[in-house]
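The values are calculated or read from the model by the stated rules, or taken from the named source; none is laboratory data. From a predicted model like this one, the values you see are computed outputs, not experimental measurements. Positions of Cβ are generated from backbone atoms using ideal geometry, with glycine treated the same way; all protein chains shown enter the neighbour counts.
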Amino acid sequence: MINKVATKLEEKVLEFNSRINDEPTFSKKIEGKNRSICICISDGKNYSTKLENLKIESFQETEDSTADVVVTASSEIIIALLQKNIHPIKAYMSGDLKVKASIMDMLLLKGLF
């Protein structure tokens, strides 16, 4: 299941960067925003990336869970979110998803999920 998380995260990176290139409205929303993002898998590993200069880097495994935006959930929930099988707000309200971020950063994250 964990390898599936890494694969899905990489797919989202490609999709996110494609949206930046293809959708001027989307790129304007993130213009000038530089953020570090950590996805903490409660039953697995942590993955981090950076959004800089209108591009999100590939996720890398990390032991460090400090970032501007920290998302914590089980691998099952992360995969469901990435596949759009569950809405982030529903997962958050049920306690299956925890997010440490400012409101603005949470809206930014919506573009990833």
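A few remarks follow.
- A search for C-beta distances below 6 Å between a residue of segment 47-74 that is touching a residue at least 60 places away in the same chain (Cβ under 8 Å) and within 18 Å of Ala6 (Cβ to Cβ) and any residue that is in a strand (DSSP E or B) and of a type in the set (Gly, Ala, Ser), counting only pairs 6+ apart in sequence or on different chains, returns nothing.
- Here Ile39 does not fit the description of being crowded, with 16+ Cβ neighbours inside 10 Å and not in a strand (DSSP E or B).
- Taken over segment 55-87, the criterion of being over 21 Å from Gly32 (Cα atoms), touching a Cys at 6+ places or on another chain (Cβ under 9 Å) and of a type in the set (Gly, Ala, Ser) is satisfied by Ser65, Ala73.
- Any hit, segment 66-83, residues being modelled with pLDDT under 95, closer than 16 Å to Ser48 by Cα and surrounded by fewer than 15 Cβ atoms within 10 Å (Cβ to Cβ): yes
- Applying the criterion of being surrounded by fewer than 14 Cβ atoms within 10 Å (Cβ to Cβ) and among the charged types (D, E, K, R) to the residues of segment 42-54, the residue that is nearest to Leu97 (Cα to Cα) is Asp43.
- For segment 5-18, a residue qualifies if it is among the charged types (D, E, K, R) and either touching a strand residue (DSSP E or B) at 6+ places or on another chain (Cβ under 6 Å) or exposed (fewer than 15 other Cβ atoms within 10 Å of the Cβ) (or both), and the qualifying residues are Glu10, Glu11, Glu15.
- Residues in segment 1-36 that are assigned to a helix (DSSP H, G or I), of a type in the set (D, E, K, R) and closer than 20 Å to Ser102 by Cα: Lys28, Lys29.
- Residue selected from segment 84-104 under the condition among the charged types (D, E, K, R) and out of contact with any strand residue (DSSP E or B) (no Cβ under 8 Å at 6 or more places or on another chain), by the criterion modelled with the lowest pLDDT: Lys84
- Scanning segment 63-98 for residues that are farther than 16 Å from Lys12 by Cβ and either in contact with a Pro (Cβ under 7 Å, 6 or more places away or on another chain) or not in a loop (DSSP other than H, G, I, E, B) (or both) gives Val70, Thr72, Glu76, Ile89, Lys90, Tyr92, Met93, Lys98.
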